[in-house]
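To start, the structure itself, in structure tokens.
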Amino acid sequence: MWIRDLTRSIIAVFRSPSARIALLAAYYFAIIVALILMYAQGDFSSTDFVYQGF
Amino acid sequence: MRRFPHILAAASALAATAAGALTYTLYAQYTETKYVHAVAALDHASISRGIMIERTALRQPDLLLIYGASELVLLDTKYEATRFFSTYPTGFMIYNAASKGGSSLTVAQRLAALGPELRGRRVIFAIGPAIMTMAPFGDVAVRHYDANFSDLHAFELAFNPRLSLETKQLAARRMLDFPETLSGKPFLMFTMRSLSEGSPAATLLHYLSWPLGRLQIAILHLQDHYATVEYIHHLSAAEVAVVREPRDVDWDALLAAAESEQVANTDSNPFGVDNSQWPKIKELFVNPRPHGSRDADFINDVTIAREWNDLRLALRVIKELGADALIMSSPMNVPLWETIGVSEAAQNTYYDLLHEVVGPFDVPVLDGREWGRIPYFSMDLASHASRKGWIYVDQRLDQIYHRRLP
């Protein structure tokens, strides 16, 4: 019974245009955050190398 | 907007991301400003290919930025400028942005990356005769250039609106001489190729890619901020403590002490070469050459050195960005070069060319020639400052900061 109520509630939320846009925005934002976490770390350290001088 | 829910949602997500990025940038700038003096006193090699901390250092009135090469970083001594000035004895401290294997081409990109922050700010470009006099064709070694190469610096140069197209084209052509640094980076390679080609179509392509370039730089800026903040967060309480102890500096006493230490560190040879460097060059001194016997080769090598063109490039960047820059050169190690057959007159070719190259750019030069015959000033043929040499350099930096020089 409660599952049916929950399903109805979720469907009702998705039928509301404002809520649908908000959920979509959250979904897109989550994708962006995931991309940032995957690729955010740059490498700005000097490369290890053997300085042989002159 | 109900007809375009995805567009509205995507715009909202992008706006939230932009707000987050802006907030983080402000936090990072606050952290960098708070701790830049601590970073100046530490080994900051792990963020040396970024730019944010250097931009922050540039804004500090009590930090003097120096760019250059191994002349400023090779010898581990308490007289090295960042250690010597670490307690702000005369009211300022050095931010040493020099790196082993650095060259004029590297410095040109680093200065370009400072962007508008550079206008009117005093920076020192410390150069030495090593590349011009000792490297094949007077050119920076590939491994040295590669190790110092930064995507961020390269993009900043290529998409810097304050640099002329001609300067960017010259830089791009030179940077393409080191293709390993661009391999696996298609957009950077495209940028350098379209700049270097110089045709109207290629130039148009470069300008069409401008928004993408600025976006790439914005992402690299965020990454740089993140790396810098992470570096700062990993410092201990002792490392971030900045001590300021003004005092009178007795330069003569320091010179005497440093010379004594340097003499003790040259006991492996009779030529005043530091023990750490002697094994690398001792073969050159097995059979000392007759006076002046290598003059012609030396003059030819110095004259054709590619480093001079790279220096011109760095000077173009300095002028176009309006920096209050100063060229400070290390001296030729005159007695040592004489021992291997190069007369002082021939060695002076380096200074002559230095002034010839820098002169048209109207940038002050302190060529260091007066230091060339000071015993134990340099610790090797490549003009790396010795312990004693560092005292002279420190004194000069002090004079420059306090506007007693040039």
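The values are calculated or read from the model by the stated rules, or taken from the named source; none is laboratory data. Worth saying up front: this structure is predicted, and the values here are computed from it rather than measured. Cβ sites come from the backbone with ideal geometry, for glycine too, and all protein chains shown count toward neighbours. Note: areas computed on protein heavy atoms with side chains; ligands, DNA, RNA excluded. Shrake-Rupley method; radii C 1.70, N 1.55, O 1.52, S 1.80 Å.
Quick notes on this one:
- These residues, A:S45, B:S46, go from largest to smallest accessible area, 1.4 Å probe, as B:S46, A:S45.
- Restraint check, B:K34/B:K388; B:K78/B:K319; B:K185/B:K280; B:K100/B:K282; B:K78/B:K282, Cα-Cα greater than 28 Å: B:K34/B:K388; B:K78/B:K319; B:K185/B:K280
- Whole-number percent relative contact order across segment B:297-406, with pairs defined as alpha carbons under 8 Å at least 6 apart: 30
- Global size of chain B: 23.0, 90 Å for Rg and Dmax (C-alpha atoms, Rg to one decimal, Dmax whole).
- Along principal axes, Cα extents of the protein assembly as shown, largest first, whole Å: 101, 55, 38
- Å² of accessible area per residue within chain B, as computed with a 1.4 Å probe and no ligands counted: 41
- For segment B:205-336, the spherically averaged projection of the C-alpha convex hull amounts to 16.2 nm².
- Counting only protein heavy atoms and a probe of 1.4 Å, the accessible surface of segment B:210-326 is 54% carbon and sulfur.
- Inverting the pair-averaged 1/r between distinct Cα atoms of segment B:187-259 gives 17.4 Å as its Kirkwood hydrodynamic radius.
- Accessible area, probe 1.4 Å, largest first, for residues B:K168, B:K34, B:K185, B:K282: B:K34, B:K282, B:K185, B:K168
- Contact with the other protein chains removes 30 Å² or more of accessible area, compared with the isolated chain and a 1.4 Å probe, from these residues of segment B:250-281: B:K280.
- Remark: segment B:219-231, residue by residue, has Karplus-estimated 3J(HN,Hα) of 5, 5, 4, 4, 4, 5, 4, 4, 4, 5, 5, 4, 4 Hz, where x stands for each Gly or Pro and the curve is 6.51 cos²θ - 1.76 cosθ + 1.60 at θ = phi - 60°.
- Here the ratio of the Cα radius of gyration of segment B:154-218 to 2.2 N^0.38 Å is 0.99.
- For chain B, calculated [θ]222 nm from helices alone, where every DSSP H run of n ≥ 4 adds -39500 (n - 2.57): -16500 deg cm²/dmol
- Crossing angle, helix B:251-264 versus chain B [Cα axis fit, 0-90 degrees, rounded to tens]: 70
- Note on chain A: helix-only mean residue ellipticity at 222 nm, from DSSP H runs of 4+ residues weighted -39500 (n - 2.57) and normalised by residue number, equals -23500 deg cm²/dmol.
- Diffusion constant of segment B:292-389 at 25 °C, which comes from Stokes-Einstein with the Kirkwood Cα-pair radius and 0.890 mPa s, µm²/s: 171
- Built amide H within the under 5 Å cut-off of B:I127, gap 5+: B:M328, B:S329, B:S330
- Look at the stretch A:24-33: the mean tally of other chain Cβ atoms within 10 Å of its residues' Cβ atoms is 6.
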